[in-house]
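Values in this text are rule-based calculations from the coordinates and carry no lab data. Here the structure is a predicted model, which means the values were calculated and not measured. When we count neighbours, we look across all protein chains shown, and the Cβ atoms used for this are built from the backbone with ideal geometry, even at glycine.
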Amino acid sequence: MMRRMVTGFGRRRTVGLCLAIFLFVSVAQAQDGQAIVDAAWQYYRHTASTAVMNMTIHRPAWERTLTMKAWTKGQSDCIFFIVAPPKDEGNGTLKKENGMWMYNPKVNRVIKLPPSMMSQAWMGSDFSYDDLAKSASIVTDYTHTVERTDSLDGKMVYIIRSVPKPGAPVVWGLQRLRIRDDHVLLGQEFYDEDLQLVKTMTGTSIEMLGGKPFPRIWTMRGAGAGETYSVIEYRELAFQDDLPDDLFTVSALTTLRR
């Protein structure tokens, strides 16, 4: 009888120890995941930045290219304008904290976009308004867990599962990130509320841009979309310590020299 009691106690202690280890590992993975995502977004946006980019929208029957200038500050503010082709020149978009505005020079009108519009396609591309702004929502509105690690070109790559926090005002039911151990974002997958893959963004051609390794080309492709995709290619990129606050205002959409 005593032997059976001791054996039972030992089994319960073993189960308890295994559960404690599992919980410790899960918490550690979540903490590591949050730290990795924090560092990657800080690396991506820096304190402030300026850029010139080409966006090519490719469809099986046609293709067109836009050139944009963009400025970012902190983890939420961003303003960008189309500078070519002439028919689209001057169209601007501002992301300021949780708000987003769009300017159309043909009608000289600024429109505030409702939150539901921020996940919609920008200028008919596969990138949404939110994709281009690259805001910190992914950092603050999701819980991040390291699923596994891979190796690429001699560097460790973290595969991170990002699940929305309860009540978070987000569209995606799940995101999956690929982040190199030097903070370079390599990819981002977007899943709907049923956890079905909707689209994938991939960063390639990692070069020294703005003084640090950075993907020069970003490709957004819908799941099963075949030859339907959009590509952003950086022509210029500079990271800065600061930019004026009045650059990121609604009035700047109509007055900023482009």
(message) Using only DSSP helix segments of four residues or longer, with each worth -39500 (n - 2.57), what per-residue ellipticity at 222 nm results for the chain after dividing by its residue count and rounding to 500?
(response) -7000 deg cm²/dmol
(request) Arrange 79, 217 by Cβ neighbour counts within 10 Å, fewest through most, would you? (result) 217, 79
(request) Just need the relative contact order of the chain here, percent rounded to a whole number, with Cα pairs under 8 Å and 6+ apart. (result) 20 percent
(request) Return one number: the angle in degrees, 0 to 90 and rounded to the nearest 10, between the long axis of the Cα atoms of helix 2-45 and the longest principal axis of the Cα atoms of the chain. (result) 10 degrees
(message) If you average the C-alpha positions of region 188-219 and of region 117-167 separately, how far apart do those two centres end up, in angstrom?
(response) 8 Å
(message) Of 94, 115, 105, which is farthest towards the positive pole of region 80-133's charge dipole, taken about the Cα centre with +1 and -1 on the beta-carbons of Lys, Arg and Asp, Glu respectively?
(response) 105
(request) Starting from the Cα gyration tensor of region 51-183, take the square roots of the eigenvalues, sort them a ≥ b ≥ c, and report rounded, prolate or oblate (rounded when a/c is under 1.5, otherwise prolate if a/b is larger than b/c, else oblate). (result) prolate
(message) For region 159-214, which GluC sites (Glu not before Pro) pass both filters: DSSP loop (anything but H, G, I, E, B) and at most 15 other C-beta atoms within 10 Å?
(response) 193
(request) Give, rounded to the nearest 20 debye, the magnitude of the charge dipole that the chain has about its Cα centre when Lys and Arg contribute +1 at Cβ and Asp and Glu contribute -1 at Cβ. (result) 720 debye
(message) If I compute semi-axes √(5λ) of the Cα gyration tensor in Å from the structure I just sent, which labelled value in (1) 29, 23, 15; (2) 34, 21, 16; (3) 42, 19, 18 lines up?
(response) (3)
(request) Rank 53, 249, 202 by how far each Cα sits towards the positive end of the charge dipole of the chain (+1 on Lys, Arg Cβ; -1 on Asp, Glu Cβ) and give me just the farthest. (result) 202
(request) Could you sort out which of 96/155; 112/134; 73/112; 96/212; 106/165; 69/155 sit more than 29 Å apart by Cα distance in this structure? (result) 96/155; 106/165; 69/155
